[in-house]
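Heads up: the structure comes next, in structure tokens.
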Amino acid sequence: MSRVMGIDFGTRRIGIALSDPLRMLAQGFETISWNGEDDAFALHRIAEIVKEKTVDTIVMGRPKRTDGTESESERKANAFGRKIEEAVGIKPEFRDERYTTVIASQYLRQTGFDGRKKKNVIDQVAAEIILREYLDMHRN
């Protein structure tokens, strides 16, 4: 059985979450740290995960502005999504990700997570939220 990958795209860090093979649960998997310019590095790591974890669906956050208009971050996410499709042959399904990082930050704070380590996992938690919403939508 194959998995679904959730991606929280950022120009410094890319959060990765994976579903279980039954597509019931979402779990943070990895944070890819990058410089926002070396696409080959980030795409290579995503391709490795897709292959190793038998991913056949990718859901990616689309950072819309609160008024719904396209932002520079959204343009970059769209372009990166096209590059993912070229690299792994899977076209990402985009989901509105407004506030996922805020929700992830609140969740980590409420669970008493060490603030110094927070930036290393916050993007994974945001990817997990994006993925969980996708899995819930497709389960119902």
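The values are calculated or read from the model by the stated rules, or taken from the named source; none is laboratory data. All figures in this text were calculated on a predicted structure; none of them were measured in a lab. When we count neighbours, we look across all protein chains shown, and the Cβ atoms used for this are built from the backbone with ideal geometry, even at glycine.
In region 88-101, the residues that are of a type in the set (D, E, K, R) and assigned to a loop (DSSP other than H, G, I, E, B) reach residues that are exposed (fewer than 14 other Cβ atoms within 10 Å of the Cβ) and modelled with pLDDT under 90 with C-beta atoms within less than 9 angstrom, at least six apart or across chains, in these pairs: Arg98/Arg65; Arg98/Thr66. Looking only at residues that are modelled with pLDDT of 75 or more and closer than 11 Å to Glu30 by Cβ in region 116-135, which one is farthest from the chain's Cα centre (by Cα)? Per the stated criteria, the residue is Val121.
Scanning region 61-92 for residues that are in contact with a strand residue (DSSP E or B) (Cβ under 6 Å, 6 or more places away or on another chain) and modelled with pLDDT of 95 or more, we see that the one that is surrounded by the most Cβ atoms within 10 Å (Cβ to Cβ) is Pro92.
Here Arg13 meets the list (1) at pLDDT 95 or above; (2) closer than 12 Å to Ala127 by Cβ; (3) basic (Lys, Arg) almost entirely, failing just condition (1).
Yes/no per residue for (1) touching a residue at least 24 places away in the same chain (Cβ under 8 Å); (2) part of a strand (DSSP E or B); (3) surrounded by 13 or more Cβ atoms within 10 Å (Cβ to Cβ):
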site	(1), (2), (3)
Gly15	yes, yes, yes
Met24	yes, no, no
Ile32	no, yes, yes
Ala40	no, no, no
Val59	yes, yes, yes
